[in-house]
Structures are given as C-alpha cells and as structure tokens.
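**Q** This is the structure I have questions about; it appears just below.
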Amino acid sequence: MDGGGRLDQPLKRPGQSAAKALLRGRWTSKIALLPRGIGVVGLVLLLAGTLGYGAVAGQHVPAIVGWLKDARDVTANSLGFRIAAISLSGQKEVSREEVLTTAGVTGRASLLFLDAEAARAQLKANPWIADAAVLKLYPDRLQITVTERQAFALWQKDGQVSVIAADGTVLEPFVEDRYLALPLVVGPGAAQAAKDFLTIVGHYPTIRSVLRASILVAERRWNLRLENGIDVRLPETNVEQALDRLIALDRDKKLLSRDITMIDLRLADRVTVHLSDTAAQAREEALQAKKKKKGGDA
C-alpha cells in the first residue's frame, strides 16, 4: 500500500493503454472494409438460425419457409439485386399480371434468388402457354418470353363444350362468343384427333361450308353432321376417297340437297342412303301407285 492506495487495484503496466488503442484501431479498420449491407445479412442469418430451430421444434415449417424466402429476397435487394425492369413479350390471351404472378415475380422478389427454371415450369402449366423462356440479366433486369397456344376448335364431351388448341389441350372449359365460329368436334378422343381430320376436311370447301359437327365414333372413325341434319358415315381409312365420292354424288345427283337423313360411305363398293320419314312415305306411296297403275293396264 502506498499513499493510501487500495490493495485490490490492479497495477497498470507501461504501454498497456497504447496497445489497446492499437488493437481497437485494427478491428475498426477491418469492419470498415466489410461490404455494405453486411449488417442486414448477419441479422438475417441470425434470425434464420433461430427461427429454423423454432420451426423444427414447433412444426411451423411452411410458414417459416415463406418467411425465409422473403427474408433472403430482402437481403438480396439490399445488396442491389432488386428486379428493376421486366421485359415481357408474346402474351395475348394471358395478361401481364397473370404471367408475372404465375412466374412468382412479385414486388419483393429479387433477381438473385428467382428460380428461372421453376418459373418456366410454372408458366408452362398454364394451358394457354405452350412454351416460355425466363432470362435473368444481372444485376436487375428480367426477360420473359411466352409462346401461346391458339384456339383451334370446340370439343364436346359428356355434354360439356370446351375450347381446345390444335394439340388437344383444353384452353377454356367454356365458350365465349368469339369462339362460336370454330369447328365443333364431338366424342372421347376427338380433341387429340381433330387436327389431322379437320385438315383433311379443309380440302373440301363444299363440305366444310355446311359442316355442323365432326363426331368421332369409338375413337376409330368419323361421322359428319351437316347443317341440314344429314349424317355422313365415313370409313376408318381412305377418308379422302370417301369424300371425293361424296363430292361427285352431290355434283351429279345433288345428293346433299335431297330429303335424306344418312349417307353411308363406309364400304368402298357402294353408297347407302336413308330417306327421311317423309321422303320414305312419299316413295312408298309412289311405288304403290305405280303398282296399281301397272295392274290396271294389265
């Protein structure tokens, strides 16, 4: 003890204060070199670890996963990866808002953590979108190009009429007025088979102009229902030859203008025609009258 000093007071060594100041200066300089936003990153990582443990313990995984996704986007955005510009092309039937929502592009999304392949898959799940390309242009631009399907025909199955694309994809489970002029196909399997068959029918303008519906029978062959109610039964193969015969019969005998209900072209060596009830009765009466006349002459 010296001069009344306390016995428990530690003795200071010469230069100790200077050493501490030097050490403090070194750490301060190192911290100053860290990137901007690192404090946000550290906070997010700390919270992620804490919440990750709590999620497992409390079984709140889905909610925590959603929070973590938002948190990582906030972090990336703070580091300069916020999506500042979006180039979108190819959409017509699908709105811009629907494309962005489907691709998972929100106001909080960051370019860094946007999964381009997942976004493309999500876009292709929309029936109107046949293909899509999602390109990330760092640091802050996103380019999305979609290729849409086109409405090709109407498909009736089990009393339900839908709008379909050429590949058979159902685009809409209902029919807007703008689609009423599309050709109608009917029956199971007709959606997938429509493109090839309607391409063939398209080569016969006379038939196409009076066609009400094309009906696939047993997923093997087609019948035509014409506007005047005549059913034309086509063969399973050689459809073009059958239609050629039908055109020739109509040209030579005005067959499609007759009072008939059915034309059967399934056999290559004959054509069978069913008269309407009125025409059949008239024909029967004419035959009876002819027989009576013949008997009277005898």
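**Q** Kindly evaluate Arg258 against the criterion of being of a type outside the set (A, V, I, L, M), modelled with pLDDT of 95 or more and open to solvent by 20 Å² or more (accessible area, probe 1.4 Å). Don't jump to the end; show me each part of the working.
**A** Details: of a type outside the set (A, V, I, L, M): yes; modelled with pLDDT of 95 or more: no; open to solvent by 20 Å² or more (accessible area, probe 1.4 Å): yes.
Here the answer is no, as Arg258 does not meet what is asked.
**Q** Answer yes or no: is there a residue in region 145-163 that is at pLDDT 95 or above, closer than 30 Å to Ala109 by Cβ and open to solvent by less than 40 Å² (accessible area, probe 1.4 Å).
**A** Residues of region 145-163 at pLDDT 95 or above: 145-157, 160-163.
Among the residues that remain, those that are also closer than 30 Å to Ala109 by Cβ are: 145-149.
Going one step further and asking which of them are open to solvent by less than 40 Å² (accessible area, probe 1.4 Å), we end up with 146, 148.
Yes, because at least one residue in region 145-163 is at pLDDT 95 or above, closer than 30 Å to Ala109 by Cβ and open to solvent by less than 40 Å² (accessible area, probe 1.4 Å).
**Q** With respect to Leu243, is the statement that it is closer than 25 Å to Asp277 by Cα and open to solvent by less than 80 Å² (accessible area, probe 1.4 Å) true? Let's see the steps before the verdict.
**A** Numbers: closer than 25 Å to Asp277 by Cα: no; open to solvent by less than 80 Å² (accessible area, probe 1.4 Å): yes.
The answer is no for Leu243.
**Q** Please go through region 158-196 and pick out each residue that is over 20 Å from the mean Cα position of the chain (by Cα) and assigned to a strand (DSSP E or B). Full working, then the answer.
**A** Step one: of region 158-196, the residues over 20 Å from the mean Cα position of the chain (by Cα) are 158-159, 177, 180-181, 183-188, 196.
Answer for region 158-196, where residues must be over 20 Å from the mean Cα position of the chain (by Cα) and assigned to a strand (DSSP E or B): Leu184, Val185, Val186.
**Q** Does Ala132 count as touching a residue at least 12 places away in the same chain (Cβ under 8 Å) and open to solvent by less than 30 Å² (accessible area, probe 1.4 Å)? Quick ask: steps written out before the conclusion?
**A** On the way: touching a residue at least 12 places away in the same chain (Cβ under 8 Å): yes; open to solvent by less than 30 Å² (accessible area, probe 1.4 Å): yes.
Taking the combined requirement at face value, the residue satisfies it.
**Q** What are the residues in region 101-154 that are acidic (Asp, Glu) and closer than 30 Å to Ala181 by Cα, if any?
**A** Taking region 101-154 as the starting set, the residues that turn out to be acidic (Asp, Glu) are 115, 117, 131, 140, 148.
Scanning region 101-154 gives Asp131, Glu148.
**Q** If you go through region 198-221 one residue at a time, do you hit one that is on the phi > 0 side of the Ramachandran plot, in contact (Cβ under 8 Å) with a residue 24 or more places away in the chain and open to solvent by 50 Å² or more (accessible area, probe 1.4 Å)? Give the derivation first.
**A** Start the filter on region 198-221 by keeping residues that are on the phi > 0 side of the Ramachandran plot, which leaves 218-219.
Remaining after also requiring in contact (Cβ under 8 Å) with a residue 24 or more places away in the chain: 219.
Checking the rest, the ones that are also open to solvent by 50 Å² or more (accessible area, probe 1.4 Å) come to 219.
Yes, the conditions are met somewhere in region 198-221.
**Q** Tell me, which residue of region 220-234 that is hydrophobic (A, V, I, L, M, F, W, C) and assigned to a loop (DSSP other than H, G, I, E, B) is nearest to the chain's Cα centre (by Cα)?
**A** Applying the first criterion (hydrophobic (A, V, I, L, M, F, W, C)) to region 220-234 yields 222, 224, 226, 230, 232, 234.
Checking which are assigned to a loop (DSSP other than H, G, I, E, B) leaves us with 230, 234.
Working: Ile230: 37, Leu234: 33 Å.
Restricting to residues being hydrophobic (A, V, I, L, M, F, W, C) and assigned to a loop (DSSP other than H, G, I, E, B), the top hit is Leu234.
**Q** Still on this structure, I have one more. Can you name the residue in region 222-235 that is closer than 22 Å to Asp269 by Cα and either free of Cβ contacts under 8 Å to residues at least 24 places away in the same chain or in contact with a Pro (Cβ under 8 Å, 6 or more places away or on another chain) (or both) and, of all such residues, is most open to solvent (accessible area, probe 1.4 Å)?
**A** Applying the filter and picking the extreme gives Asn223.
**Q** With the requirement that a residue be under 16 Å from Val210 (Cα atoms), in contact with a helix residue (DSSP H, G or I) (Cβ under 6 Å, 6 or more places away or on another chain) and not in a helix (DSSP H, G or I), what does region 235-279 give you?
**A** Asp259
**Q** Further question on the same structure: Residues being modelled with pLDDT of 90 or more, out of contact with any Phe, Trp or Tyr (no Cβ under 7 Å at 6 or more places or on another chain) and either part of a loop (DSSP other than H, G, I, E, B) or surrounded by fewer than 17 Cβ atoms within 10 Å (Cβ to Cβ) (or both): count how many of those fall in region 89-115.
**A** The qualifying residues number 12.
**Q** May I pose another question? Answer with yes or no whether Leu135 is outside any helix (DSSP H, G or I) and hydrophobic (A, V, I, L, M, F, W, C).
**A** Working: outside any helix (DSSP H, G or I): yes; hydrophobic (A, V, I, L, M, F, W, C): yes.
Here the answer is yes, as Leu135 does meet what is asked.
**Q** Just to be sure I understand, how many residues within region 167-197 are open to solvent by 30 Å² or more (accessible area, probe 1.4 Å) and aromatic (Phe, Trp, Tyr)?
**A** Number of matching residues: 1.
The values are calculated or read from the model by the stated rules, or taken from the named source; none is laboratory data. All figures in this text were calculated on a predicted structure; none of them were measured in a lab. Every residue, glycine among them, receives a Cβ derived from its backbone with ideal geometry; neighbour counts consider all protein chains shown. Just so you know, the surface numbers come from the protein's heavy atoms only, side chains and all, with ligands and any DNA or RNA stripped out. Shrake-Rupley method; radii C 1.70, N 1.55, O 1.52, S 1.80 Å.
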